[in-house]
Each structure stands twice: as C-alpha cells, then as structure tokens.
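Since the structure comes first, as structure tokens, the remarks are kept for the end.
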Amino acid sequence: MKNAKRPFIVHTAFIDIRVLGTAFNVKSYSQEKTIETTLIHGSVEVTKKNESQLSKIILRPKEKLVFNKLETDFEKQGDTSVKPMIEKSIPAIAIVALPKDVADTSLKETSWIYNRLDFEGDTFSELAVKMERWFNVKITFKNEKVANERLRGAFEDEGLDEALKALQLITTFTYKINNDNEIEIK
C-alpha cells in the first residue's frame, strides 16, 4: 500500500533509490566497482548520498542506472595527502537503455527472479563470483588461462555439480569439490 509520508527507499553505501510505484532490481555488492538499479516498469528516483536533491535522477521503464563507486574512493599518498581515485574511462553515473523488444523474463537484470543465472561474455572468474553467490560456495582458480576464458550461457534449475559439468562442455578444465562448498578449478 502506497504511503507518501513513508516512501520505500533502498539505501546502498553510495546511493539511495526511492521507489515511486514500480518493479525494479538493485545490484549492490561491496566488492564490485559499480551499483546498478534497473527499472522494469513504474519509476524510481535515484540520488547520490549526501548530495542535494537537485542531483536526483528519475529512471523510466527499461532503463538501468550504473553508478561507478570508484569516483568516491580515496588513496593515501605518502603519509599525509589523500587524493581521489577516478577511473577516467568510466563515468560516475551512466543510464543504459534496455532492449524494448525483449520480455522482462528474458532480461539478465531480472533473470534471478526466474531462477536463472545468465552470463554473456563473462570471464570464468567473473562467472565464478556469480556462482559463489548463487550456490553459496567459494571458487578458486589454479589456472589463470581458464580463469580468463570468456563464457556465454545460462543455468536454470541446475545444481552446482550439473553447472560445472555443463561448463566443461564449452571450455576445458577440471574441478574438485572440497568440504561441500569449496571448489578448486584447474
């Protein structure tokens, strides 16, 4: 039930997302360089923490906002000075249009709702991070070449062992499962 006096706000470390009647997704992990919010329908308002309301962004349906956290990171220089670290090739905030002709059920941003883990051109090590979250495991690589292989596909309802065996069909590697939740990939 909508209550204007008590809006629904998702708080992340760097941005706030105010829900304005909608279906949306937020991806915010402390170890990742970006925070993403994807609007499926309705509207959301995004503001950067500790900044004026003048900097708010309202997303339209089928838009994704990508916020670069590196813009606000700091690095110590010597023993006294601190300078901001800005990755010049990545904007602080980008708005990305999602394909309008793709059903919501087929978007990678919402695939988790349908019990599907999508990966499109991810390196195996990037996919491993997703698999760690998905299957609640820890994955380590003993072979850098395998870790850097680019992979494309999706898992839907597969268990961990089934997913690893499916990956072996598209790239060459071996794996060992230790203690039910530690996977070593060679």
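Below 8 Å between Cα atoms, with a sequence gap of 6+, how large is the relative contact order for region 115-186 in percent? Display every interim value, and only then the final one.
Values: 97 pairs, mean separation 27.8, N = 72.
Result for region 115-186 is 39 percent.
Assuming R0 = 25 Å, what is the FRET efficiency of Ala94 and Arg152, from their Cβ-Cβ distance, to the nearest 0.05?
Values: r = 23 Å, r/R0 = 0.92.
The calculated FRET efficiency here is 0.65.
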**Study point:** Cβ-derived FRET efficiency at R0 25 Å, Gln31 paired with Trp112, nearest 0.05
**Key:** 0.90
Exercise for review: Kindly state, to the nearest 0.05, the FRET efficiency for Phe8 paired with Lys138, given R0 = 25 Å and r defined as their beta-carbon distance.
Suggested key: 0.15
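Could you tally the net charge around Asn181, taking each other residue with its Cβ under 15 Å from the Cβ of Asn181, Lys/Arg +1 and Asp/Glu -1? Don't jump to the answer; show the numbers that get you there.
On the way: positive: Arg133, Lys138, Lys176; negative: Glu132, Asp161, Asp180, Glu182, Glu184.
So the environment of Asn181 carries a net charge of -2.
Bear in mind these aren't lab numbers, they're just calculated from the coordinates by the rules spelled out. In this text, all values refer to a predicted model and were calculated from it rather than measured experimentally. When we count neighbours, we look across all protein chains shown, and the Cβ atoms used for this are built from the backbone with ideal geometry, even at glycine.
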